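**Q** Here it is: the structure, laid out below.
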Amino acid sequence: MILYGFWRSSATWRARLMLGLKGLAYEYRAVNLLENGGEQNRPDYVKRNPMRQVPLLELHEEDGTLLHIGQSLVIAEYLEERFPLPRLLPVGRAERARVRQIAETINSGIQPLANTAVRLYVRDVLGTDENAWCRHWIGGGLTAVEAMVQSNAGPFAFGDAPTLADVCIVPQLFHARRFGVDTDAFKTLSRIEKACYELDVFARAHAELQPDAPRATP
Ligand SMILES: N[C@@H](CCC(=O)N[C@@H](CS)C(=O)NCC(=O)O)C(=O)O
């Protein structure tokens with residue numbers, strides 16, 4: 001299995017967490033989104049993922065068929081079907097809907113508004129402060145997510161074990177801070193984040209620990 005990604009990409013971070021929580025081994029191939037015109041735009045990568053985004057999971061089906069799966073939540077569903085345990089989604093249908101609602105709110109209601117291509121457009125074409133733009137959309141979105149987790153949160157976003165909801169919340173909080181959102185204001189999300197980082201899988205998946213993350217010079 002090969003995971004194509006970028007150290008800071010929150011969607012790659014989600015895929016890293018899913019693979020980690022399921023205990024699956026994979027090779028990581030870094031795609032630098034910022035340099036050389038963005039390696040996601042290279043013809044060999046576009047052939048694999050026409051959307052020109054990370055993450056992308058490359059793997060073989062049991063019969064040898066080669067698969068390229070883009071979209072982190074589709075990766076989650078695929079992994080859940082093929083490697084059911086440990087679960088990323090709860091057993092009950094209604095509970096699964098709640099977890100998926102949190103994940104999808106982040107995936108389609110928050111993250112795309114602060115994506116690299118969008119931020120560059122806001123800054124370079126619209127001539128607007130892209131950090132203020134991101135703060136507005138991420139802050140508003142996380143206010144909704146904070147309300148969503150209230151009723152079912154245990155130590156984690158949904159009960160006693162991490163789910164797809166936590167997998168989406170943790171990277172989004174990192175990015176919220178990057179743009180100046182005061183994440184301490186989200187009391188339940190902050191508590192959930194702390195519980196997640198106490199797990200080795202979450203601690204190791206942090207963006208700044210990835211092999212393509214810039215290293216501080218001594
Ligand atoms: N919904 C997609 C989002 C993927 C996405 O937005 N990836 C970003 C990095 S987090 C990307 O590749 N951006 C490239 C660009 O904006 O040019 C997913 O969950 O995989």
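**Q** Among the aspartates and glutamates, which fall within straight-line cross-link reach of Lys194, defined as a Cα-Cα distance under 19 Å, with same-chain neighbours fewer than 8 residues apart omitted?
**A** Correct list for Lys194: Glu146, Asp160, Asp166, Asp182, Asp184, Glu208.
**Q** Could you state the accessible area per residue of the chain in Å², with a 1.4 Å probe and every protein chain left in place?
**A** So the chain comes to 50 Å² accessible per residue, rounded to a whole number.
**Q** Within 15 Å, Cβ to Cβ, of Asn49, how many net charges do the neighbouring residues add up to if Lys/Arg are +1 and Asp/Glu are -1?
**A** +2
**Q** Give me the percent of the accessible area of region 93-203 that comes from carbon and sulfur atoms, probe 1.4 Å, all protein chains in place.
**A** For region 93-203, the apolar C and S fraction of the accessible surface comes to 54 percent.
**Q** So for the chain, considering every pair of alpha-carbon atoms, how many percent are separated by more than 34 Å?
**A** When every Cα pair of the chain is considered, 11 percent fall beyond 34 Å.
**Q** May I pose another question? Averaged across orientations, what area in nm² does the convex hull of the alpha carbons in region 2-86 project?
**A** Its average projected convex-hull area is 5.4 nm².
**Q** Moving on to the next point. Just to confirm the filter: which trypsin sites (Lys or Arg not before Pro) across region 178-218 are DSSP coil and have at most 11 other Cβ within 10 angstrom of their Cβ?
**A** In loop regions of region 178-218 (DSSP not H, G, I, E or B), the sparsely surrounded trypsin sites (Lys or Arg not before Pro) are Arg215.
**Q** Within region 149-218, report the GluC sites (Glu not before Pro) that DSSP leaves as loop and that have at most 15 other Cβ atoms within 10 Å.
**A** Sparse-neighbourhood loop GluC sites (Glu not before Pro): Glu198.
**Q** If you add up the charges near Arg82, with Lys and Arg at +1 and Asp and Glu at -1, over every other residue whose beta carbon is less than 9 angstrom from its beta carbon, what do you get?
**A** With Lys, Arg at +1 and Asp, Glu at -1, the neighbours total -4.
**Q** Let me have the 222 nm mean residue ellipticity of the chain computed from DSSP H runs of 4+ only, each contributing -39500 (n - 2.57), with the sum over all residues rounded to the nearest 500.
**A** -14500 deg cm²/dmol
**Q** Of all the accessible heavy-atom surface of region 35-80, with the other protein chains kept in place and a 1.4 Å probe, what percent is carbon and sulfur?
**A** 50
The values are calculated or read from the model by the stated rules, or taken from the named source; none is laboratory data. Computed from a predicted model, the values in this text were never measured in an experiment. Using ideal geometry, Cβ is built from the backbone for each residue, glycine included, and neighbour counts are taken over all protein chains shown. Heads up: the accessible areas ignore ligands, DNA and RNA and are worked out on the full protein's heavy atoms, side chains in. Shrake-Rupley method; radii C 1.70, N 1.55, O 1.52, S 1.80 Å.
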